[in-house]
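S.K.: My questions all concern the structure below.
Read the figures in this text as sums done on the coordinates, not as results from a lab. Since we're looking at a predicted model, the values are computed, not measured. Cβ: placed from backbone, ideal geometry, glycine included. Neighbour counts: every protein chain shown.
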Amino acid sequence: MKSVNFQKYQGIGNDFILIDAITNSHSLDLNKFTIDKVTSLCHRNYGIGSDGIILVLPSNILDFSIKILNSDGSEAEMCGNGIRCVIKFILDNDIVSKKDKYLVETKAGKIEASVEENFLIKVNMGTPVISPQEIPVSLPLDKDGIASGEININDIRLKVFSIGMGNPHAVIYVNSLETVKLKEWGELIENYHYFPLKTNVHFVTINNRNQLNVLVWERGCGPTLACGTGACACLAISSLLDRSDNRANVNLPGGTLEIYWPNREGNIFMTGEAQYVFSGKFLV
């Protein structure tokens, strides 16, 4: 067995085990990161504890690439909070040449991230995906041009809106987050037949046109303190429904992200912090 160095970072409570697979590319066997190994490392009682593992890898076309593994061992296409954590990790450890802007290769495509004032990190999250086939979701577009439908949970009817941010998202508006049965509803909706690749789930209340409150159930993780792609999904749908402006603070259990969608035909931007937590070693 070999020893692997890791560092743990968090972005408003969404935490990740980060591994430098650029410097260690010749000695690190990625095949060792099996489902069992990932779930054991991410376990909060018996392992390091995290929402996922991110491997920072070389890229032939961009500054670097990342492989995102959820805490259940499944692979995610994209993770906004994870990207911010990776940028801070890159900067703290001089893994690649320091820049004001980085281009990152992900399973969802090219992602651009930049370092802003006050050490905040801004991520160009790409253009929200509206097409049901591309999200993917088996729901029709409604009059507002959003994939939507109803889900019945124990005689409670929930209106669900779906949108893609490189990964699928379901957004449900509720009168109060305190009434949400997050584990029961989140798990059921994640696996509902509307979503062939499963889905992230978000319950939303709106304070005003510039303040959204969100509870998160992440696909492959369960309840988490934050979700960057989910915050973008909630702002995009709220803006399309004219329930919010195109710039708003999205308040999540772990903190607040600023989301800005300047052009409905264009990219959406997320700004927030990322912080180092601790480092160590494990065996694979």
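S.K.: Looking at this structure, is ILE66 in contact with a strand residue (DSSP E or B) (Cβ under 8 Å, 6 or more places away or on another chain), among the hydrophobic types (A, V, I, L, M, F, W, C) and farther than 12 Å from ILE22 by Cβ?
M.R.: It is false that ILE66 is in contact with a strand residue (DSSP E or B) (Cβ under 8 Å, 6 or more places away or on another chain), among the hydrophobic types (A, V, I, L, M, F, W, C) and farther than 12 Å from ILE22 by Cβ.
S.K.: Follow-up question, since we're still on this one. Could you tell me whether the stretch 4-11 includes any residue that is within 20 Å of the chain's Cα centre (by Cα), of a type in the set (S, T, N, Q) and part of a helix (DSSP H, G or I)?
M.R.: No: the stretch 4-11 contains no residue that is within 20 Å of the chain's Cα centre (by Cα), of a type in the set (S, T, N, Q) and part of a helix (DSSP H, G or I).
S.K.: Name the residue that is surrounded by the most Cβ atoms within 10 Å (Cβ to Cβ), counting only residues in the stretch 32-68 that are in contact with a Cys (Cβ under 9 Å, 6 or more places away or on another chain) and assigned to a loop (DSSP other than H, G, I, E, B).
M.R.: From the stretch 32-68, those in contact with a Cys (Cβ under 9 Å, 6 or more places away or on another chain) are 42, 48-54, 66, 68; that's our starting set.
From what is left, the residues that are assigned to a loop (DSSP other than H, G, I, E, B) are 48-51.
Details: ILE48: 18, GLY49: 15, SER50: 25, ASP51: 27.
Taking the candidates together, the pick is ASP51.
S.K.: Condition (residue is of a type in the set (Ser, Thr, Tyr), more than 16 Å from MET270 (Cα to Cα) and surrounded by fewer than 11 Cβ atoms within 10 Å (Cβ to Cβ)) applied to the stretch 105-124: is it met by at least one residue?
M.R.: Initially, the stretch 105-124 is screened for residues of a type in the set (Ser, Thr, Tyr), giving 106, 114.
When the remaining residues are screened for being more than 16 Å from MET270 (Cα to Cα), the result is 106.
The next check asks that each one be surrounded by fewer than 11 Cβ atoms within 10 Å (Cβ to Cβ); those that pass are none.
Checked the stretch 105-124: no residue is of a type in the set (Ser, Thr, Tyr), more than 16 Å from MET270 (Cα to Cα) and surrounded by fewer than 11 Cβ atoms within 10 Å (Cβ to Cβ).
S.K.: Taking ALA21, is it surrounded by 17 or more Cβ atoms within 10 Å (Cβ to Cβ), of a type in the set (A, V, I, L, M, F, W, C) and without any contact (Cβ under 8 Å) to a residue 60 or more places away in the chain? Show your work before the answer.
M.R.: Details: surrounded by 17 or more Cβ atoms within 10 Å (Cβ to Cβ): yes; of a type in the set (A, V, I, L, M, F, W, C): yes; without any contact (Cβ under 8 Å) to a residue 60 or more places away in the chain: yes.
Taking the combined requirement at face value, the residue satisfies it.
S.K.: State the number of residues belonging to the stretch 152-180 that are assigned to a loop (DSSP other than H, G, I, E, B) and surrounded by 13 or more Cβ atoms within 10 Å (Cβ to Cβ).
M.R.: Residues in the stretch 152-180 being assigned to a loop (DSSP other than H, G, I, E, B) and surrounded by 13 or more Cβ atoms within 10 Å (Cβ to Cβ): 5 in total.
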